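The values are calculated or read from the model by the stated rules, or taken from the named source; none is laboratory data. All values derive from a computational prediction rather than experimental measurement. Cβ sites come from the backbone with ideal geometry, for glycine too, and all protein chains shown count toward neighbours.
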């Protein structure tokens, strides 16, 4: 019988593992891709205390994995396919086996949303193109989204790209002053507010045309001198399908008091929760509390 099973290896899940292991609990962590989760797709991690200068999402993820190794957290890289949460014994199923635990910590986070683009007029329309930042060298690129995350990635792209278009469906960029000021003071940027990606044309796996529609006027701007790169940062979709019929939910996110769900011994932390702010710092805070509360639950049990 395992003390704690953690589902998800992002900052929240790693923090939960660290604090549970420090209290002597046996911890098993499941991650379907790689340690770090969504943050590993970020070019530069910012504002979190103690970061190296220009800390990349990839290097941050490596540090998280090193922490798990240093405290002997057992990590299994498998997708969890089913969970049973009621009762004193919680069960997790993968395609290979089943595992039982006294407590479960859910830290499954979220995945990037994709633009609602499909095949039209016989052309292959790619819903999302994730490219390495360095591939933007001397190219014209489009960033979909105007939030903090989108603007931060756009700023990183501007180091390499010839020109960066930011396509925001609101009437202004919804980002912090720090990022807005950098964009306004760099002539590489073209900002398209009240606009969306209408369509792409792709030829031999290269985007040759980008069409941007003004959602107020209906006017379409066509860019037909590709190749272009397109990066989508238009929000996230919660990884909550396992829990839809098991826990109290709101818009696909788990409802809790911060970490405690509606089932005793089951905790949720990080971006999977209903919450106002989704940052690394808030995820780590949730994970810290979840790891400690799992220990308290077992100790009292």
(request) Name, by its number, the condition in (1) surrounded by 13 or more Cβ atoms within 10 Å (Cβ to Cβ); (2) at pLDDT below 90; (3) more than 30 Å from residue 177 (Cα to Cα) that does not hold for residue 120. (result) (1)
(request) Look at the stretch 199-218 and say how many of its residues are without any contact (Cβ under 8 Å) to a residue 40 or more places away in the chain and touching a strand residue (DSSP E or B) at 6+ places or on another chain (Cβ under 7 Å). (result) 5
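Can you name the strands (runs of 3 or more DSSP E) wholly within the stretch 4-85 that have at least 2 residues being closer than 19 Å to residue 272 by Cα and in contact (Cβ under 8 Å) with a residue 24 or more places away in the chain?
On the way: elements: 27-30, 74-76, 80-84.
Those strands (runs of 3 or more DSSP E) span 27-30, 80-84.
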(request) Among what's in the stretch 149-167 and is at pLDDT 95 or above and either touching a helix residue (DSSP H, G or I) at 6+ places or on another chain (Cβ under 8 Å) or assigned by TED's automatic domain parsing to the domain that holds residue 42 (or both), pick the residue that is farthest from residue 211 (Cα to Cα). (result) 164
(message) I need a count of the residues in the stretch 1-27 that are surrounded by fewer than 24 Cβ atoms within 10 Å (Cβ to Cβ) and over 22 Å from the mean Cα position of the chain (by Cα).
(response) 10
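Do we have residue 229 as in a strand (DSSP E or B) and touching a helix residue (DSSP H, G or I) at 6+ places or on another chain (Cβ under 6 Å) here? Outline the logic, then answer.
Details: in a strand (DSSP E or B): yes; touching a helix residue (DSSP H, G or I) at 6+ places or on another chain (Cβ under 6 Å): yes.
In short, yes.
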(message) Which condition from (1) at pLDDT 95 or above; (2) crowded, with 19+ Cβ neighbours inside 10 Å; (3) more than 23 Å from the chain's Cα centre (by Cα) is the one that residue 194 breaks?
(response) (2)
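Would you confirm whether or not the stretch 283-293 contains a residue that is outside the structural domain of residue 174 (by TED's automatic domain parsing), under 25 Å from residue 196 (Cα atoms) and in contact with a helix residue (DSSP H, G or I) (Cβ under 7 Å, 6 or more places away or on another chain)? Before the answer, list the steps.
Applying the first criterion (outside the structural domain of residue 174 (by TED's automatic domain parsing)) to the stretch 283-293 yields 283-293.
When the remaining residues are screened for being under 25 Å from residue 196 (Cα atoms), the result is none.
The answer is no, given that none of the residues of the stretch 283-293 is outside the structural domain of residue 174 (by TED's automatic domain parsing), under 25 Å from residue 196 (Cα atoms) and in contact with a helix residue (DSSP H, G or I) (Cβ under 7 Å, 6 or more places away or on another chain).
How many residues are part of a loop (DSSP other than H, G, I, E, B) and surrounded by 12 or more Cβ atoms within 10 Å (Cβ to Cβ) when one looks only at the stretch 197-226?
Filtering the stretch 197-226 for residues part of a loop (DSSP other than H, G, I, E, B) gives 204-205, 215-219, 224-226.
Filter again for surrounded by 12 or more Cβ atoms within 10 Å (Cβ to Cβ), leaving 215, 226.
Matching residues across the stretch 197-226 total 2.
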